[in-house]
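To start, the structure under review is shown below, and the notes come after it.
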Amino acid sequence: MINLIRRYWRTISRPSKYFSLGFLTLGGFVMGIIFWGGFNTAMEFTNTEYFCTSCHENLYQELQSTIHFTNRSGVRAKCSDCHVPHDWTPKIARKMQASKEVWAFISGTINTQEKFLARRRHLAENEWARLKANDSLECRNCHDFDYMDFTWQSQRAAAQHSTALASGEKTCIDCHKGIAHRLPDMSGVEGWD
């Protein structure tokens with residue numbers, strides 16, 4: 001057994017001694033394609049509602065009663081549309097952040113409804129801070145001030161949107177917290193009492 005391991009180690013540590021350059025190049029290319037395909041498949045799987053709702057079933061039920069789920073146009077947002085950036089580099093960064101959430105579920109920190117509700121405000125505040133920091137990028141993938149027709153909006157909405165557009169100081173999440181999920185208990189937060 002030890003001789004077999006040594007033989008494999010010699011082959012791996014000096015592959016050019018045992019294999020041709022063409023074989024190694026072709027093998028590296030094929031392995032790169034397999035790795036990249038597997039990586040992208042895994043990334044896309046983690047963007048599916050099936051993956052998200054395996055832990056966040058209660059949040060999915062909340063989403064079903066909102067305009068982001070059912071509306072007159074038939075356009076429906078799925079979890080990743082609002083919680084995962086579309087561009088590659090921010091998407092990878094968000095996936096790395098989300099791995100903490102997966103670990104929290106696996107380790108038992110938020111694996112029950114009671115534990116989740118106890119941490120809901122903290123989790124919501126983290127998400128709001130992330131959206132504030134990136135200027136509500138995920139919202140703007142679908143909703144863009146440049147394409148809004150304020151004449152179709154209520155007077156209040158048109159005034160708020162045009163003011164926000166002119167000032168550039170506010171972003172979607174400043175006014176639209178709780179748009180797709182129920183707000184957590186906000187008692188004690190200034191402006192929410």
Open item on the list: Can you confirm whether Ser65 is polar (S, T, N, Q) and not assigned by TED's automatic domain parsing to the domain that holds Lys91?
Closed with: no
Open item on the list: When you check Phe51 against the structure, is it aromatic (Phe, Trp, Tyr), within 12 Å of the chain's Cα centre (by Cα) and closer than 20 Å to Arg120 by Cα, yes or no?
Closed with: yes
- [ ] Restricting attention to helices (runs of 4 or more DSSP H) lying wholly within the range 1-45, give those where 1 or more residues are touching a residue at least 40 places away in the same chain (Cβ under 8 Å) and not β-branched (Val, Ile, Thr).
- [x] 21-45
Task: Unique match (being under 25 Å from the mean Cα position of the chain (by Cα), surrounded by 15 or more Cβ atoms within 10 Å (Cβ to Cβ) and closer than 24 Å to Thr48 by Cβ) among His143, His181 - done: His181
Task: Filter pass, Cys52 being touching a residue at least 24 places away in the same chain (Cβ under 8 Å), outside the structural domain of Ala93 (by TED's automatic domain parsing) and either among the small types (Gly, Ala, Ser) or within 15 Å of His181 (Cβ to Cβ) (or both) - done: yes
- [ ] For the range 118-125, indicate whether the set of residues that are part of a loop (DSSP other than H, G, I, E, B), over 10 Å from the mean Cα position of the chain (by Cα) and under 21 Å from His181 (Cβ atoms) is non-empty.
- [x] no
Task: All positions within the range 1-28 that are of a type outside the set (Gly, Ala, Ser) and either loosely packed, with under 10 Cβ neighbours inside 10 Å or touching a helix residue (DSSP H, G or I) at 6+ places or on another chain (Cβ under 7 Å) (or both) - done: Met1, Ile2, Asn3, Leu4, Ile5, Thr11, Ile12, Pro15, Lys17, Tyr18, Leu21, Leu24
TODO: Restricting attention to the range 45-61, report how many residues are at pLDDT 85 or above and charged (D, E, K, R).
DONE: 1
Task: In the range 134-147, the residues that are of a type outside the set (Lys, Arg) and out of contact with any helix residue (DSSP H, G or I) (no Cβ under 6 Å at 6 or more places or on another chain) - done: Asn134, Asp135, Leu137, Asn141, Cys142, His143, Asp144, Asp146, Tyr147
- [ ] Could you grab me the full set of residues in the range 47-97 that are part of a helix (DSSP H, G or I), charged (D, E, K, R) and either surrounded by 12 or more Cβ atoms within 10 Å (Cβ to Cβ) or touching a Phe, Trp or Tyr at 6+ places or on another chain (Cβ under 8 Å) (or both)?
- [x] Glu49, Glu62, Asp81, Lys91, Arg94, Lys95
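The values are calculated or read from the model by the stated rules, or taken from the named source; none is laboratory data. In this text, all values refer to a predicted model and were calculated from it rather than measured experimentally. Reconstructed Cβ throughout: ideal geometry from the backbone, glycine too, with neighbour counts over all protein chains shown.
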